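All of the numbers you see were taken from the coordinates with simple rules; none came from a lab. Keep in mind that this is a model prediction, so the values were computed, not measured. As a convention, Cβ positions derive from the backbone with ideal geometry for all residues, glycine included, and neighbour counts pool all protein chains shown.
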Ligand SMILES: [Zn+2]
């Protein structure tokens, strides 16, 4: 693989870090390393979300840009007497992408490698072979021979289990393959927006946030928003790419490389119309590509942001990504960079009067 530039190194560090909901410490530390030098102040909410404050003008409108730290993974619930691990999914998983995948159990004594197993097809009836294996019938095999041995290695109930995958720049160097794009790309956007505002004169206070526990119900965004009390909020996340075989335009229209997605509707929120219009006008003015998206079967942290306090106009801006909620997902570097550019340019154009106009007109 080619040598990684500064941006790719950050993306690798962010996606390599391990953190399911409620276990985000390692990811938070990586995000802190990158965002702290760009911020005036770092703080945390009570659940562990990281909040990096960058002041343009101290009493200016507060703008929140939030990605979430947690990734989908699993949690150990039991160790059986033969040393196999039973687990709980944490975040949405589809059984068909789980079998025979390598995972890492993060224990207090260090990492333990495992593989998700099931009964082999060779012992199944012809009828049973046609059906997908249910998640409740899967287990994690760490090569232990007894409960005692697994415990000796440090494994115990409550330990997080994360997908194992190596960050890869593909032959087409714009195509990036990694675990946990959902939602380390959002964390990266929040970091690079603050980077884009270095030395820029603007009358706002910008908060780059890494929120915890999105995958289990948009929880950290609620507490972080409560602490910040923003005037406007952006959730940055992955969205669905509709450009693989078998997906019809009716199901998902977005294509990788065609710009960030402006989410007009999802199960958690109706996009704030004033903010949506303002953002697309900026994109049009600067010829930044974008795509409209609706996700009736999913939500983002904007769903929590907009319902905090007395209501916060919010918008989700997402990066079309293939194979989310699996071991490895793929996205296009240009979409990431254009999302950063768009949000940065929007913030440069905001001030109290403009924000009031967006909210009240
Ligand atoms: Zn997700």
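Remarks
- From largest to smallest, the equivalent ellipsoid semi-axes obtained for segment 288-348 from the alpha-carbon gyration tensor read 22, 18, 10 Å.
- Per-q log10 I(q)/I(0), segment 36-124, q = 0.15, 0.20 Å⁻¹ (Debye; single scatterer per alpha-carbon; no solvent): -0.79, -1.07
- Listed residues 297, 186, 239, most fluctuating in the chain (Gaussian network, C-alpha, under 10 Å): 297
- For the chain, built as a Gaussian network whose Cα springs stay under 10 Å, the top-fluctuating residue of 127, 149, 251: 127
- Using the Cβ-Cβ distance between residue 175 and residue 104 with R0 set to 35 Å, the FRET efficiency works out to roughly 0.90.
- P(r) tail fraction, segment 267-320 - alpha-carbon pairs more than 16 Å apart, %: 46 percent
- Size-normalised alpha-carbon gyration radius of segment 1-150, reference 2.2 N^0.38 Å: 1.39
- 20 °C / 1.002 mPa s Stokes-Einstein diffusion coefficient of the chain, Kirkwood radius on C-alpha pairs, µm²/s: 102 µm²/s
- Column: log10 I(q)/I(0), Debye, Cα scatterers of segment 97-202, q = 0.12, 0.13, 0.14, 0.22 Å⁻¹: -0.66, -0.74, -0.81, -1.17
- Each label point was placed 7 Å from the Cα along the Cα-to-Cβ direction; for residue 58 and residue 5 their separation is 3.9 nm.
- Across segment 122-169, the convex hull enclosing all Cα atoms gives 175 Å³ per residue.
- Using the alpha carbons alone, the radius of gyration of segment 233-335 stands to its Kirkwood radius in an Rg to Rh ratio of 0.97.
- Longest to shortest principal axis, alpha-carbon extents of segment 169-322, angstrom: 43, 36, 30
- Distance distribution P(r), segment 183-264, all Cα-Cα pairs, bin width 5 angstrom from 0: 3, 11, 18, 19, 18, 14, 9, 5, 2, 0 percent.
- Per residue, the convex hull spanned by the alpha carbons of segment 35-74 comes to 92 Å³.
- Computed [θ] at 222 nm, helices only, for the chain once each DSSP H run of length n ≥ 4 contributes -39500 (n - 2.57): -8000 deg cm²/dmol
- Shown is the FRET efficiency for residue 243 and residue 201, computed with R0 = 25 Å from the Cβ-Cβ distance and rounded to the nearest 0.05: 0.05.
- GNM remark for the chain: springs join alpha carbons under 10 Å apart, and the peak mean-square fluctuation among 147, 219, 129 falls on 129.
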